[in-house]
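Derivation of every value follows stated rules applied to the coordinates shown; laboratory data play no part. Quantities reported herein were computed from a predicted structural model and do not represent experimental measurements. With ideal geometry, Cβ positions are generated from the backbone for all residues, glycine too; neighbour counts draw on all protein chains shown.
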Amino acid sequence: MDVLDWLAAALGDEAIAAGVLTTDPALLDVVRTDRSGWWADGSPLALVSATTIEHVQATLRAASEFRVPVVPRGAGTGLAGGANGTQGAIVLSVAGMNRILEVSAEDQLAVVEPGVVNSDLNDALEPSGLFFAPDPASRAISTVGGNIATNAGGLLCAKYGVTREAVLALDVVLSDGRLIRTGHRTVKGVTGYDLTALFVGSEGTLGVIVGATVRLVPIPAGEPTTLGAIFSDVRSAADAAARVTAARLRPAIMELVDGPALERISAHLGEQTLAAAFGTTGGGAFLLVQFDGPSAAADAATAGGLISAAGGAVRVAADPAEGEHLLAIRRAFHPALAASGEVLIEDVAVPRSRMPEMFEAIERISQRHGIPIPTVAHAGDGNLHPNFVYAGEEPPPAVWEAAGELFRTAVELGGTLTGEHGVGVLKRRWLADELGPDSYELQVKLKSVFDPLGILNPGKVFG
């Protein structure tokens, strides 16, 4: 009996009839890639589309018995190749585990399965007056389980925190099929090691998340106030963002778009979009700031003064509809770049005070390698997304040379290789440089405790 026969028997006739297990080449080809555009070599052995915890347990028991690699996967919206099905692996999709099991308004928490889509969760929560704060740009298609696996952030995390701050407890299936529960439903809880935090951001290398108890926060009262500003250069815009942070203001959203990105957005949306808002068809950078809560208008006025003093031409939205028009400029970033060529979407973070230096470094690297690197930043937390625009199916060597230089620069500035996308495959070659040899060795040993046979997402993160 081989692994697929063993697995089919473990899943049962009903699951097999429902198509939970497949070896269809067309479906296996789909799970070899993600939103990064990176394709894994070879072909996975099979795809399990789990809809129950028992399906996940059966898969991991079979994989453990036959020592077959397993690649956990959600919606496939990752940007680091972390969930791409590799040669001979069983791809274990939990996207079909998409039920909201409980919403407790009294305790401000929800219990969900990993395949619940971010926007679907918040649509369901709206009547309760609560929301799940992690807000990745892919919220309409990304899942809570994927957020947890990569410790995702998004536009709102400067004020509301990244995913780790929103996770209270987890249900996890280990590599041998055992189910464990970590964390608490309580606000406080310090019993034992914090395994919940350890699993957040572990990219499927320690276990498969099959359930989560997540923290909810009240929907802010009143309407948000949004302002935008055009600058002559990106350093001035980054300096303005730093001034807002230094003034102890806490915007819900603060996004910075550099000149090369703004040029593409203007071409994509039409020059009249910027002209209508700012009386110009272009600029060296665009800063978007939004405040929510009772003090939104007053905070926006204070921030507007600081931004103006830093050289920005400020436009404060008169109402939410006009605010949406300003937000649309930022949201057009990815579609505008996709319309101009193939794109490698990258992710680094630096201390907020070092953002001006990082933007200058990106400009130098772009010029030195002759590669456009339009960049957007979550300026409220120092997370930058340099995007490498190129022609052809695969990024040319010059792109990786430029990316390597960019990653090293971020670390030298006191930052990190990734703020929210994860390491996956695409950044593993630089991981040891950031962690250092002792920390790297400790993390490799830690993985072996949870995955002694090395079957969970091998080749990802640690290579």
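Quick notes
- In degrees, nearest ten, helix 296-309 long axis to first principal axis of the chain (Cα): 60
- Additional length obtainable on full extension of the chain from residue 123 to residue 198, 0.36 nm per residue less Cα span: 24.1 nm
- Diffusion constant of segment 57-187 at 20 °C, which comes from Stokes-Einstein with the Kirkwood Cα-pair radius and 1.002 mPa s, µm²/s: 136
- Rh (Kirkwood; distinct C-alpha pairs) - the chain, Å: 23.0
- The stretch between residue 405 and residue 342, if pulled fully straight at 0.36 nm per residue, gains 20.6 nm over its current Cα-Cα span.
- Amide H within-cut-off set for residue 210, under 5 Å, with H built and near neighbours excluded: 171, 172, 173
- Helix 397-412 vs. the chain, principal-axis angle (Cα, 0 to 90°, nearest 10): 80
- Angle between the chain longest axis and helix 234-246 axis [Cα atoms, degrees, rounded to 10]: 80
- For segment 182-336, the equivalent ellipsoid built from the Cα gyration tensor has semi-axes of 36, 20, 15 Å, listed from largest to smallest.
- Segment 341-434 - Rg (one decimal) and Dmax (whole number), Cα, Å: 12.2, 37
- Coil-residue trypsin sites (Lys or Arg not before Pro) of segment 129-214, DSSP, other Cβ within 10 Å capped at 14: 178, 185, 188
- The modelled label-to-label distance for the pair residue 39/residue 297, using points 7 Å beyond Cα in the direction of Cβ, is 5.6 nm.
- When you restrict to C-alpha pairs under 8 Å that are six or more residues apart and normalise by the size of segment 341-434, the relative contact order lands at 37 percent.
- The dipole here belongs to the chain: it is taken about the Cα centre, uses +1 on the Cβ of Lys and Arg and -1 on the Cβ of Asp and Glu, and is about 800 debye.
- Sparse-neighbour loop sites [chymotrypsin sites (Phe, Trp or Tyr not before Pro); segment 179-248; at most 10 other C-beta within 10 Å; DSSP]: 193
- FRET efficiency for residue 446 and residue 269, using Cβ-Cβ distance with R0 set to 45 Å, rounded to 0.05: 0.45
- Taking the Cα centre of segment 341-434 as reference, the dipole from Cβ charges on Lys and Arg (+1) and Asp and Glu (-1) amounts to some 160 debye.
- Across all C-alpha atoms in segment 376-418, the radius of gyration and Dmax reach 11.9, 34 Å.
- Considered as an equivalent ellipsoid built on the Cα gyration tensor, segment 3-93 has semi-axes of 22, 13, 12 Å, the largest given first.
- Stretch gain in nm, segment residue 67-residue 18, where the contour uses 0.36 nm per residue and the Cα spacing is subtracted: 15.1 nm
- Neighbour-limited loop hits for trypsin sites (Lys or Arg not before Pro), segment 1-108 (at most 10 other Cβ within 10 Å; DSSP other than H, G, I, E, B): 67
- Net charge of Cβ neighbours under 13 Å - reference residue 132; Lys, Arg +1; Asp, Glu -1: -3
- Segment 383-463 shape via C-alpha gyration tensor axes, a/c threshold 1.5: oblate
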